[in-house]
């Protein structure tokens, strides 16, 4: 983790639907030809399509259609080779991995894909990638063994290597097209190996055309126009009015998501949902008063009525979560306690509150995240009515990027955040929150725990976390279990809910499908035959 970049990449610049549709069709959206591209709408804009520079959710969604990873996560969670032709072959010490590569693959510009091309892309990403820390902490060097075999030298044994290599930013780029950009970015164009090639790019519109020489299954449509919009209202109105074919749920207001969900249940839209890989949680500042007292952190844990809050905020679309790892990922554990307001009161009383003394805490929520404000208000009201003589929340709204910059400074007693791993493995949820390179007792002074705003660690925790990545199978699951139980006992975070990516399509379009990494599969979208 570098500063707050893990959180900053979630937010996007605004876009305009009208401009995009004019660029797309040269006419009104209602007159789009039936054999033309499908229009997919999402929140925000895409400033760059360079895999080494792109960091936002919508940009990584685009890259997943334009490029191929070495490995991919199927909808059932299984890892399958893509540009790799088989699993990594590991050395006895686990520090070298040989990747066999698929033959007969070409880039969009006709350049053959081989080990040299893959090595060029990986080295470039390690050198200049905005998210290079995701890989750089794992991969030390890249070496070409022959035309279709690549060797990765690892910094330490890392059992979830295939999951890491499914990361969308690691899609290879043509060394011919990027030779002059080995040390710099190429934001305005993309040349990869995927099922679509990029024929037009602006911040508000990306035009994707099927790549005729694609090595795999061809798209079921004639192309995609990915349109960026600036507000939830414009997104909602676009799908309700039929001016777009498909809508992604990112940054859509909760009540609007619920309304679209109800319309889909009534047969007025077609809905698809991906795996629940995004978690919402609260970070507790554990290294300074008053939340340096474990009993107070535990009291907060018992005060969090997830079932009631998630129903109130999301109409049940965000299931309650009692762990830091989404339940669909191997090694996940629901180790945090269920709500028990009586137990919360007992802990607060033992710490000197509830008898004429009220614990006052400041809860910061991101003012540009609709669900944050609703959750903060709902929790504040619940505590006022049930624990008002013991615990009181003062609310503070702050724009997300401003909040992310201050996380590592210990600026927030309590703050609402969310996180989706770069790839679906338990490590990519536990390490960003718990990793501590330097600490004493329960205080972390250097590491991801600091950057995440909790400053918490525990004796032996870092060692157990590292060991969990060096082994596999039941041994790894046992270590992951131990890490999560230790974190739950220390309570530096309060898991809140799960978020599934959703998409809605007009009834004239097939139901949206997602892969195991939570990306909408553009190639599976197609117009349905009308009766």
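The values are calculated or read from the model by the stated rules, or taken from the named source; none is laboratory data. Predicted, not measured: the structure shown is a model, and the values here were computed from it. Quick reminder, even Gly has a Cβ in these numbers, built from the backbone with ideal geometry, and neighbours come from all protein chains shown.
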* Structure fact -> If we ask which residues in segment 400-433 are outside any helix (DSSP H, G or I) and touching a strand residue (DSSP E or B) at 6+ places or on another chain (Cβ under 7 Å), their number turns out to be 10
* Return yes or no: is residue 400 under 23 Å from the mean Cα position of the chain (by Cα) and within 28 Å of residue 345 (Cβ to Cβ)? => no
* Asked: When residues of segment 180-213 are filtered for being surrounded by fewer than 16 Cβ atoms within 10 Å (Cβ to Cβ) and more than 16 Å from residue 53 (Cα to Cα), how many remain?
  -> 4
* **Matching residues in segment 375-397 - criterion: being in contact (Cβ under 8 Å) with a residue 60 or more places away in the chain and over 23 Å from residue 351 (Cα atoms)** => 375, 378
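Residue by residue, here is whether (1) at pLDDT below 95; (2) part of a strand (DSSP E or B); (3) touching a helix residue (DSSP H, G or I) at 6+ places or on another chain (Cβ under 8 Å) holds:
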| position | (1), (2), (3) |
| --- | --- |
| 116 | no, no, yes |
| 121 | no, no, yes |
| 140 | no, yes, no |
| 145 | no, yes, yes |
| 184 | no, no, yes |
| 190 | no, no, yes |
| 193 | no, no, no |
| 206 | no, yes, yes |
* residue 63 fails exactly one of the following numbered conditions: (1) in contact (Cβ under 8 Å) with a residue 12 or more places away in the chain; (2) in contact with a strand residue (DSSP E or B) (Cβ under 7 Å, 6 or more places away or on another chain); (3) surrounded by 14 or more Cβ atoms within 10 Å (Cβ to Cβ). What is the number of that condition? -> (2)
* Among the residues of segment 42-60, which ones are touching a residue at least 60 places away in the same chain (Cβ under 8 Å) and assigned to a loop (DSSP other than H, G, I, E, B)? -> 44, 45, 46, 47, 48, 49, 50, 51, 52, 53, 54, 55
* To do: Please indicate, with yes or no, whether at least one residue in segment 156-179 is surrounded by fewer than 16 Cβ atoms within 10 Å (Cβ to Cβ) and assigned to a helix (DSSP H, G or I).
  => yes
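Yes/no matrix, rows are residues, columns are (1) more than 27 Å from residue 271 (Cα to Cα); (2) modelled with pLDDT of 95 or more; (3) not assigned by TED's automatic domain parsing to the domain that holds residue 123:
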position: 2; (1), (2), (3): yes, no, yes
position: 5; (1), (2), (3): yes, no, yes
position: 8; (1), (2), (3): yes, no, yes
position: 15; (1), (2), (3): no, no, yes
position: 42; (1), (2), (3): no, yes, yes
position: 46; (1), (2), (3): no, yes, yes
position: 52; (1), (2), (3): yes, yes, yes
position: 61; (1), (2), (3): no, yes, yes
* List the number of the failed condition for residue 368; all other conditions in (1) at pLDDT below 95; (2) buried (at least 17 other Cβ atoms within 10 Å of the Cβ) hold. => (2)
* Output yes when any residue across segment 512-520 is outside the structural domain of residue 308 (by TED's automatic domain parsing) and more than 16 Å from the chain's Cα centre (by Cα), and no when none is. => yes
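Residue-wise test of (1) in a loop (DSSP other than H, G, I, E, B); (2) more than 27 Å from residue 427 (Cβ to Cβ); (3) in contact with a strand residue (DSSP E or B) (Cβ under 7 Å, 6 or more places away or on another chain).
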position: 298; (1), (2), (3): no, no, no
position: 301; (1), (2), (3): no, no, yes
position: 325; (1), (2), (3): yes, no, no
position: 329; (1), (2), (3): yes, no, no
position: 337; (1), (2), (3): yes, no, no
position: 343; (1), (2), (3): no, yes, no
position: 349; (1), (2), (3): no, yes, no
* Quick one: count up the residues across segment 73-89 that are touching a helix residue (DSSP H, G or I) at 6+ places or on another chain (Cβ under 9 Å), more than 14 Å from residue 167 (Cα to Cα) and free of Cβ contacts under 8 Å to residues at least 60 places away in the same chain. => 0
* Structure fact -> Those residues of segment 210-236 which are within 26 Å of the chain's Cα centre (by Cα) and outside any loop (DSSP other than H, G, I, E, B) amount to 224, 225, 226, 227, 228, 229, 232, 233, 234, 235, 236
* What is the residue count in segment 237-249 for residues that are part of a loop (DSSP other than H, G, I, E, B) and either buried (at least 22 other Cβ atoms within 10 Å of the Cβ) or not assigned by TED's automatic domain parsing to the domain that holds residue 46 (or both)? -> 3
